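The values are calculated or read from the model by the stated rules, or taken from the named source; none is laboratory data. Since we're looking at a predicted model, the values are computed, not measured. Here Cβ is always computed from backbone atoms with ideal geometry, including for glycine, and neighbour counts include all displayed protein chains. Remember, those area values only see protein heavy atoms, side chains included, never the ligands or the DNA or RNA. Shrake-Rupley method; radii C 1.70, N 1.55, O 1.52, S 1.80 Å.
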Amino acid sequence: MSSKFLKLTAYASVALIVPTLALADLKDDGQKAADRWDQVYNADDMEGLAKLYTSDAMVVPKGTPVNADGIPKFFAGLKAKGFDNHKVTVNSAIPKDKMMVVTGRWEMMGPGEGGVKKKFEGNWVNVMERQGNEWKSVLHTWN
């Protein structure tokens with residue numbers, strides 16, 4: 001084999017591996033951001049939770065969307081109703097300029113029939129924007 005062929009093969013291999021590594025790093029960043037959100041919510045720190053969102057963020061639950069100013073109150077209301085032990089597992093992260101779309105599964109415990117705690121779970125989507133060294137949520141929704 002020619003050295004030119006070997007160089008081209010090496011470059012092609014690197015070109016295929018580097019994007020995969022970058023996506024893996026992005027997924028790890030997404031999971032770290034989700035873990036931070038879980039920790040802050042589960043600690044009942046709604047002021048800290050608000051700092052994990054951009055100033056123009058939207059949370060889109062079932063019903064009426066919530067703007068950035070209403071996010072702490074919205075999640076404090078969930079905690080007050082007994083929803084806790086929130087956990088997100090990130091399945092994918094897709095880059096988009098200085099943003100990423102992160103998808104996965106969420107679960108948490110909440111009130112069930114007769115006051116017994118019950119597991120709730122579903123799909124989770126977050127559009128996140130890089131601000132300095134942090135990823136902050138721009139859009140947060142789930143089902």
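For segment 97-108, which positions are in contact (Cβ under 8 Å) with a residue 12 or more places away in the chain and open to solvent by 60 Å² or more (accessible area, probe 1.4 Å)? Don't jump to the end; show me each part of the working.
Within segment 97-108, the subset in contact (Cβ under 8 Å) with a residue 12 or more places away in the chain is 98-108.
Across segment 97-108, the qualifying residues are K98, R105, E107.
Of all residues in segment 53-89, those satisfying the criterion of being within 15 Å of the chain's Cα centre (by Cα), aliphatic (A, V, I, L, M) and open to solvent by less than 20 Å² (accessible area, probe 1.4 Å) are A57, V59, V88. Taking (1) open to solvent by 60 Å² or more (accessible area, probe 1.4 Å); (2) within 13 Å of the chain's Cα centre (by Cα) in turn, K118 satisfies each apart from (2). So is K81 touching a Pro at 6+ places or on another chain (Cβ under 9 Å) and without any contact (Cβ under 8 Å) to a residue 12 or more places away in the chain or not? Spelling it out, it is not the case that K81 is touching a Pro at 6+ places or on another chain (Cβ under 9 Å) and without any contact (Cβ under 8 Å) to a residue 12 or more places away in the chain. Residue check: G112 meets all listed conditions (1) in contact (Cβ under 8 Å) with a residue 12 or more places away in the chain; (2) open to solvent by less than 40 Å² (accessible area, probe 1.4 Å) but one, namely (1).
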